[in-house]
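Read-outs throughout are calculated quantities, based only on the coordinates presented, and are distinct from any laboratory measurement. Everything numeric here is computed off the predicted structure, so don't read it as measured data. As a convention, Cβ positions derive from the backbone with ideal geometry for all residues, glycine included, and neighbour counts pool all protein chains shown.
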Amino acid sequence: MEMEVLICHASPLDFSVIKKLIDEMWLDDRDLRSDQFLVAKYKEKVIGFGRLLYREDVCEICSVGVVPEWRRKSIGTLIVKELIELSAATEVF
């Protein structure tokens, strides 16, 4: 069985799910905006997410999370790789 995981920009509906998961996972919740996030989806369900936070001339990857049943399946790696590609900053942390 092949998994078809989609990595895309977060929608407003996704953002409410992301905020709930960030709270449950105790991740960085400062200054959250939906346009900062990418999500990983399987069959329309958010299974992971990650955020780019721009600070002056650098970009921070933060608030990366994967729901427990999807961990250890490289979902986090897919999200981080996509976030790095999206970053226009010269340095990513």
Lysine pairs within region 1-73, Cα separation less than 17 Å, 8 or more sequence positions apart or different chains: 7
Relative to the first principal axis of the alpha-carbon coordinates of the chain, what is the inclination of helix 12-25, with its axis defined by its Cα atoms, in degrees from 0 to 90 and to the nearest 10? 90 degrees
Please list, in order, the residues from region 18-45 whose amide nitrogen is less than 15 Å from a point placed 7 Å along the Cα→Cβ vector of residue 6. 38-45
Report the residues of region 21-55 in range of a label on residue 13: point 7 Å along Cα→C-beta, backbone N strictly under 14 Å from it. 41-47
Among 86, 37, 49, whose Cα projects farthest towards the positive end of the dipole of region 27-89, with charges put on the beta-carbon of Lys, Arg (+1) and Asp, Glu (-1)? 49
Normalise the Cα radius of gyration of the chain by 2.2 N^0.38 Å (N = residues in it) and let me know the number. 1.03
